[in-house]
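Presented below is the structure to which this report refers.
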Amino acid sequence: MPRRANHDLVTITGEVRGESASGLAWRFFDGTKVVWLPKSQCEWDADDRTMEMPEWLAREKELI
């Protein structure tokens, strides 16, 4: 996953419920709501069912 300097990462448990037609984003369900997350900013761990992303993105999507 591309990482930017000076950004804290957060990990959110949930499930991927699909991806965009372009293949550039995941449809992610955190147990409360569904949001679109850009694959370029996130890393999905299917074994742990966790999505790692920059804190700013998690706040923007109201996941934290």
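Every number here is computed from the coordinates shown, using simple stated rules; none is lab data. Keep in mind it's a predicted model, so treat the numbers as computed, not measured. Every residue, glycine among them, receives a Cβ derived from its backbone with ideal geometry; neighbour counts consider all protein chains shown.
Using the charge dipole of the chain (Lys, Arg: +1 at Cβ; Asp, Glu: -1 at Cβ; taken about the Cα centre), state which of ALA58, ALA21, PRO38 has its Cα farthest towards the positive end.
Working it through, the farthest residue towards the positive pole turns out to be ALA21.
Could you go through the stretch 25-34 in sequence order and give the Karplus-derived ³J(HN,Hα) for each residue, using 6.51 cos²θ - 1.76 cosθ + 1.60 with θ = phi - 60°, rounded to whole Hz, and x for Gly and Pro?
So the J values, rounded to whole Hz, are 9, 9, 8, 10, 10, 9, x, 10, 8, 9.
Between GLU60 and SER20, what length comes free when the chain is fully extended (0.36 nm per residue of separation minus the Cα-Cα distance, one decimal in nm)? Spell out each step's value before the answer.
Working: separation 40, 0.36 × 40 = 14.40 nm, distance 1.90 nm.
Difference between extended and current length: 12.5 nm.
In deg cm²/dmol, rounded to 500, what helix-only [θ] at 222 nm does the chain give when every DSSP H run of at least 4 residues adds -39500 (n - 2.57) and the total is split over its residues? Present the calculation step by step, with values, prior to reporting the outcome.
Details: 1 runs with 6 residues, N = 64.
That calculation yields -2000 deg cm²/dmol at 222 nm.
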